[in-house]
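Report on the following structure.
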Amino acid sequence: MKFKHRLNTHVQAFVELKKTERLWHFPLLAGLCVGLCLWVGWLFDRPAYGNLSSIGALVILYFTQATLSKRMVHLCVCAFGFSISFALGYAFSFSHILSAIALGLIAFLSHLITSWFDVPPPRNFFFIMIGAVATSIPFHPEAIPLNVGLVSMGAMLSVLLALFYSVFVAKRVVEPKIKSRIKKKRYTELVASFIIGFAMFLGLMIGHWLELKSAYWIPLSALAILQGKDLFHAWQRNLHRIIGTFIGIGITWVMMLSTAPSGLELVFLIAGLQFIVEMLVVRNYGLAVIFITPLTIFLAENASGLHTNVNELMEARILDTVIGSLIGVLTGWFLHHEFLIAKLEKQLRSVEILLHRK
């Protein structure tokens, strides 16, 4: 009976659509931000430029229901964080070991800072994602200003569109009441940041060790699992991500073989997928993953014109997702293991006392 009840719980969680106050305006804005960057890249026959700027445009996902001044400051700071994450990841992409260390550092700082300032969802996710993507880009020292500039311009475009949206569409904004939170111990977030940073480092190193073309998919798959608020939600997100990814890969495989979208078609397809993902992600994560999979694949392969072997691409995504999900679940177990966290906190306190004595 217990197994049947758990199975029914997981099935219901996968198909249930939660109620949300998010209107269709915001998903449309998110799709527009990404789509405009890709469209400009297509217009000037520079799809790679459009890709990089569209990554920066994802800063729109940090749009908050706060007053106009707070919202714009928040978005500008996040845009700056995007640029720093990308610059740090790209600057060390010439070395597998250094790029993995850089990603671990990005993850450590992102989690620590977003936790300290209580940044709402998606919290640390896109800062780490941008750093991970940057580590996979072929390193050319002379291209650092250009690439960082493209990401920054995409981010600032989103900030500008968010300003217009706030002034002309979302005029009436009721700032949400801040819920009282249990204040964590002094070292809790520091320990959690270290664990997440090490998991990202390990995931990328495994990807490089397996000589995967897009090694960053492994740490990103792990990171997606870690967005769960407790161990049960981490397991649930793991299950939903694997099922959703398999379905999404099947849809992507059919789309790439049957229609082979390219050029302007691909721009509208990616923008449309971004709209669907933002409509679903706050309602049902599992269903959103079905569309996140083709979105990320089309976005990643856009610059190359989708010339990659479709079957090899699908096999690689499945392998990346399975390995990353396993790392994510294991890391989630560490993060939610109270005895282990308490022990690590005690070690940190001991180190601090020794340093003060010296």
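The values are calculated or read from the model by the stated rules, or taken from the named source; none is laboratory data. Model, not experiment: these values are computed from the prediction. Glycine gets a Cβ as well: all are built from the backbone with ideal geometry, and neighbour counts include every protein chain shown.
State all residues of the range 105-124 that are surrounded by fewer than 19 Cβ atoms within 10 Å (Cβ to Cβ) and of a type outside the set (Lys, Arg); if no residue qualifies, say none.
Leu105, Leu112, Ile113, Ser115, Trp116, Phe117, Asp118, Pro120, Pro121, Pro122
From the set of residues in the range 324-348 that are closer than 24 Å to Leu220 by Cα and of a type in the set (S, T, N, Q), which is surrounded by the most Cβ atoms within 10 Å (Cβ to Cβ)?
Selected residue: Thr331.
Restricting attention to the range 324-339, which residues are of a type in the set (Phe, Trp, Tyr) and under 15 Å from Phe198 (Cα atoms)?
Scanning the range 324-339 gives Trp333, Phe334.
For Ala102, which of the numbered conditions (1) touching a residue at least 40 places away in the same chain (Cβ under 8 Å); (2) buried (at least 24 other Cβ atoms within 10 Å of the Cβ) fails to hold?
Status for Ala102: all satisfied but (1).
Might you check whether a residue that is modelled with pLDDT of 90 or more, in a helix (DSSP H, G or I) and over 17 Å from the mean Cα position of the chain (by Cα) occurs anywhere in the range 49-66?
yes
Since Phe80 meets every condition but one in (1) farther than 25 Å from Leu163 by Cβ; (2) of a type in the set (Phe, Trp, Tyr); (3) surrounded by fewer than 20 Cβ atoms within 10 Å (Cβ to Cβ), which condition does it not meet?
The failed condition is (1).
In the range 57-93, what count of residues is obtained for those that are under 21 Å from Phe139 (Cα atoms) and out of contact with any helix residue (DSSP H, G or I) (no Cβ under 8 Å at 6 or more places or on another chain)?
Here the count works out to 1.
Anything in the range 255-311 that is of a type in the set (Val, Ile, Thr), assigned to a helix (DSSP H, G or I) and modelled with pLDDT of 75 or more? List them, or say none.
Val267, Ile270, Ile276, Val277, Val289, Ile290, Ile292, Thr293, Thr296, Ile297
Residue check: is His96 within 16 Å of the chain's Cα centre (by Cα) and closer than 29 Å to Pro141 by Cα?
no
How many of the residues making up the range 115-150 are within 20 Å of Ser193 (Cα to Cα) and without any contact (Cβ under 8 Å) to a residue 40 or more places away in the chain?
Adding up the residues that qualify gives 1.
Where in the range 67-159 are there helices (runs of 4 or more DSSP H), lying fully within it, with 1 or more residues that are in contact with a Ser or Thr (Cβ under 9 Å, 6 or more places away or on another chain) and over 17 Å from Leu220 (Cβ atoms)?
68-91, 96-116
For the range 23-48: of the residues being within 14 Å of Val282 (Cβ to Cβ) and surrounded by fewer than 14 Cβ atoms within 10 Å (Cβ to Cβ), which is modelled with the highest pLDDT?
His25
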